[in-house]
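The values are calculated or read from the model by the stated rules, or taken from the named source; none is laboratory data. None of these values were measured; they are calculated from a predicted model. When we count neighbours, we look across all protein chains shown, and the Cβ atoms used for this are built from the backbone with ideal geometry, even at glycine. Quick note on the areas: whole protein, heavy atoms, side chains included, nothing else; ligands and nucleic acids left out. Shrake-Rupley method; radii C 1.70, N 1.55, O 1.52, S 1.80 Å.
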Amino acid sequence: MAVRGILFDFDGTLANTTPLILATFHQTLDHFVPERKVEDQAIINTFGLPLREGLAGLAGCTDPAELDRMTAYYRQYNTAWHDEMIRPFPGVKEGLTALRRAGVPMAIVTSKFKASCQRGLRCLGLEDCIDGIIGCQECTAHKPDPEPMEKGLELLGLRGEECLCVGDSPYDLVSGKKAGCRTVKVGWTSFSQDFFDRFIRPDHTIGTLKDLLSFVEPSKPER
């Protein structure tokens, strides 16, 4: 069956926010648990999970009130530096523009707040390429559960077998696979191959977003 739509992750897939996220995690952890030294890769391995879950694991914290304070501190710091530090990955705008010209419906499924994702899209000039966003507040379960990707499919009005799920995190792709999508790993992921393989073997890996055109009615000319 021809692919009719695409569900994208945002951070690490369309937007290079890795330096921002690493800086924010380190600032937050240093503030709340200065005795706990956390390596970058340990933080990267939480990318795609809900923020609260990532912080709980990295900080070794189970106290709900303390996690509330940590997530609030994280978001305040992240918001203050967001616009200055967010960057697009090479070829993302060109790839999304080509897919839009080919008439491909596209949505973002992210573990961050919808408003924060909208802000990121505006910073990168990508908002006109995307048909909608499913954020963490639109779901009761989160990646790698299938619910977020299922919500994305509902948004586009498509079935899983008609969509690609494109992401940098194994949690993105496990969610997509469980929702019935074909899975596509971006070649610029920060995750190690070893870690990725613990969760999923993607159906495809791409080097640039324009590679996705080969899955979407390849005989259809761009307008």
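Return the total of residues in segment 29-41 being farther than 14 Å from SER169 by Cβ and open to solvent by 40 Å² or more (accessible area, probe 1.4 Å). Let's see the steps before the verdict.
Step one: of segment 29-41, the residues farther than 14 Å from SER169 by Cβ are 29-40.
Subsequent filtering for residues that are open to solvent by 40 Å² or more (accessible area, probe 1.4 Å) retains 30-32, 34-37, 39-40.
Adding up the residues that qualify gives 9.
So which residues in segment 30-67 are in contact with a Ser or Thr (Cβ under 7 Å, 6 or more places away or on another chain), assigned to a loop (DSSP other than H, G, I, E, B) and of a type in the set (Gly, Ala, Ser)?
GLY48
Could you figure out which of (1) under 22 Å from PRO50 (Cβ atoms); (2) out of contact with any helix residue (DSSP H, G or I) (no Cβ under 7 Å at 6 or more places or on another chain) isn't true of ASP203?
(1)
Table: residues versus (1) open to solvent by less than 10 Å² (accessible area, probe 1.4 Å); (2) assigned by the TED database to the domain that holds GLY91; (3) within 21 Å of VAL104 (Cβ to Cβ); (4) not β-branched (Val, Ile, Thr).
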| residue | (1), (2), (3), (4) |
| --- | --- |
| ASP172 | yes, yes, yes, yes |
| THR183 | yes, yes, yes, no |
| ASP194 | no, yes, no, yes |
| PHE199 | no, yes, no, yes |
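Go through (1) of a type in the set (Ser, Thr, Tyr); (2) touching a Leu at 6+ places or on another chain (Cβ under 9 Å); (3) in contact (Cβ under 8 Å) with a residue 40 or more places away in the chain and name the single condition THR18 misses.
The failed condition is (2).
Could you tell me how many of the residues in segment 67-106 are open to solvent by less than 80 Å² (accessible area, probe 1.4 Å) and in contact (Cβ under 8 Å) with a residue 60 or more places away in the chain?
16
Hey, can you tell me all the residues within segment 69-126 that are touching a Phe, Trp or Tyr at 6+ places or on another chain (Cβ under 6 Å), closer than 26 Å to ALA59 by Cβ and not assigned by the TED database to the domain that holds ALA59?
Passing the criteria: THR110, CYS117.
If a residue counts only when it is under 25 Å from ALA2 (Cβ atoms), which helices (runs of 4 or more DSSP H) contained entirely in segment 105-223 have at least 1 such residues? Reasoning before the result, please.
Working: elements: 114-124, 147-156, 170-178, 193-197.
Answer list for segment 105-223: 147-156, 170-178.
Are any residues in segment 1-19 under 22 Å from ARG182 (Cβ atoms) and among the small types (Gly, Ala, Ser), and if so, which ones?
Correct list: ALA2, GLY5, GLY12.
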